[in-house]
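Undergrad: Once you've had a glance at the structure underneath, I'll fire off some questions.
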Amino acid sequence: MSAGGGTKAIIAALSANLAIAVAKFVAFLVTTSSSMLAESIHSLADSGNQVLLLVGGKRAARKRTPEHPFGYGRERYFYAFVVAVVLFTIGALFSLYEGWHKISDPHPVETPIVAFGVLIFAIVAEGFSFRTAIKESNHVRGKQSWVQFIRRSKSPELPVIVLEDLGALVGLILALAGVTMAVVTGDGVWDGVGTMAIGVLLAIIAVILAVETKSLLIGEGAGPEVEKRICDALNGTPEVARVIHMRTLHLGPEEILVAAKIAVDHDDTASEVARGIDEAEQRIRAAVPEARVIYLEPDLDRAKVNGSV
């Protein structure tokens, strides 16, 4: 996985979530708080998600085969989509069920000081993980807003980690609020309400991730800025009269397929056209290193030919 894949952010999130999951589960055993149980399952699911992202990055690095001539780059998109499914089914649905169960059969939080201590520890640990994800994302985000970064990023790992960590922090605050209200009022229903709120939050994040990674999995073209650089490289080639049409497709986060029909002068010889295509490919790769697979189809500049008749 490349630096853009956010391996450092994934490792930081995995380390934090494993420690937090253990602490939360111990707190649940002591306090019997449903919010703590929901949060422990949430952290455990997040840990599994980070493992899935690492597995996806490893499998995507495999060399291409005759059966998969364009390689395995999209495995990263597939595993990111699985993360969204896991977050929804394990995290959101379990939290919603546990919250409903606690509201239906409320009981007070036992030993609340343990719950408060664990939640504060978890907020600090998640804050460290979130800070790392923000820092790594800023290396590749450029001038994009965070919404644009989540929607336009072709590398799925960083957006997934950012949203997961954000959801974890907000979820911890909701759990802290639920436990606090349950302790202050003596009514365990508030613990269930906090758990339900965590479930709704996780469901929203899971849907956002599913929509964005589904789009990548189906196949997205390069962004407008990247396509403009490719067109400029083609139009800057002496043997290319103009770009008739062009299509791009992300085979993986750092691998773009470029297919274009280019107009050449009708007086050019075959050797001149071939030389022009070779130079055009070199110019494209210099302008956009991610353009690994390039197919250029030469054609007569019919607009010029027809205009001269």
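Undergrad: Kindly indicate which of LEU14, LEU44, LEU18, LEU37 is over 16 Å from the mean Cα position of the chain (by Cα), modelled with pLDDT of 85 or more, assigned to a helix (DSSP H, G or I) and under 21 Å from GLY171 (Cα atoms). Write out each step before concluding.
TA: On the way: LEU14 fails: over 16 Å from the mean Cα position of the chain (by Cα); LEU44 fails: modelled with pLDDT of 85 or more; LEU37 fails: modelled with pLDDT of 85 or more.
The match here is LEU18.
Undergrad: Moving on to the next point. Would you confirm whether any residue within region 259-273 is closer than 21 Å to TYR77 by Cβ and not aromatic (Phe, Trp, Tyr)?
TA: yes
Undergrad: Of the residues ILE113, ILE150, ILE134, only one is at pLDDT 90 or above and among the aliphatic types (A, V, I, L, M); which?
TA: Details: ILE113 fails: at pLDDT 90 or above; ILE150 fails: at pLDDT 90 or above.
None of the other options fit; the residue is ILE134.
Undergrad: Look at region 132-148 and say how many of its residues are in contact (Cβ under 8 Å) with a residue 40 or more places away in the chain and of a type in the set (A, V, I, L, M).
TA: Residues that pass the stated criteria total 2.
Undergrad: Could you list, in sequence order, the residues of region 57-82 that are more than 23 Å from ALA291 (Cβ to Cβ) and surrounded by 15 or more Cβ atoms within 10 Å (Cβ to Cβ)?
TA: TYR79, PHE81, VAL82 - these are the residues of region 57-82 that are more than 23 Å from ALA291 (Cβ to Cβ) and surrounded by 15 or more Cβ atoms within 10 Å (Cβ to Cβ).
Undergrad: Could you tell me whether any residue of region 112-126 is farther than 24 Å from ILE218 by Cβ, charged (D, E, K, R), surrounded by 21 or more Cβ atoms within 10 Å (Cβ to Cβ) and in the same structural domain as VAL211 (by TED's automatic domain parsing)?
TA: Within region 112-126, one or more residues are farther than 24 Å from ILE218 by Cβ, charged (D, E, K, R), surrounded by 21 or more Cβ atoms within 10 Å (Cβ to Cβ) and in the same structural domain as VAL211 (by TED's automatic domain parsing).
Here's the yes/no breakdown for (1) of a type in the set (Gly, Ala, Ser); (2) within 29 Å of ARG74 (Cα to Cα); (3) surrounded by fewer than 21 Cβ atoms within 10 Å (Cβ to Cβ):
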{"site": "SER129", "(1), (2), (3)": "yes, yes, no"}
{"site": "ALA133", "(1), (2), (3)": "yes, yes, no"}
{"site": "ARG152", "(1), (2), (3)": "no, yes, yes"}
{"site": "LEU169", "(1), (2), (3)": "no, no, yes"}
{"site": "ILE208", "(1), (2), (3)": "no, yes, yes"}
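Undergrad: Let me ask something else. If I go through region 85-125 residue by residue, how many of them are among the charged types (D, E, K, R) and farther than 18 Å from ILE41 by Cβ? Give the steps one after another, and end with the answer.
TA: Narrowing region 85-125 to residues among the charged types (D, E, K, R): 98, 102, 105, 110.
From what is left, the residues that are farther than 18 Å from ILE41 by Cβ are 105, 110.
The qualifying residues number 2.
Undergrad: Identify the residue in region 176-202 that is farther than 18 Å from PHE88 by Cα and small (Gly, Ala, Ser) and, among all such residues, is surrounded by the fewest Cβ atoms within 10 Å (Cβ to Cβ).
TA: Per the criteria, the residue is GLY186.
Undergrad: Okay, next question. Being at pLDDT below 90 and over 23 Å from GLY6 (Cα atoms) is the requirement here; does LEU300 meet it?
TA: The answer is yes for LEU300.
Undergrad: Also, I was wondering about something else. Just checking, which of ALA45, ALA60, ALA80 is among the hydrophobic types (A, V, I, L, M, F, W, C) and in contact with a strand residue (DSSP E or B) (Cβ under 7 Å, 6 or more places away or on another chain)?
TA: ALA60
Undergrad: Okay, moving on. When you scan region 216-309 for helices (runs of 4 or more DSSP H) that lie fully inside it, which ones turn up with 1 or more residues that are more than 22 Å from the chain's Cα centre (by Cα), under 24 Å from PHE149 (Cα atoms) and not assigned by TED's automatic domain parsing to the domain that holds ARG141?
TA: On the way: elements: 224-235, 270-287, 302-308.
By residue number, 224-235, 270-287.
The values are calculated or read from the model by the stated rules, or taken from the named source; none is laboratory data. None of the values given here were measured: they were computed from a predicted structure. Every residue, glycine among them, receives a Cβ derived from its backbone with ideal geometry; neighbour counts consider all protein chains shown.
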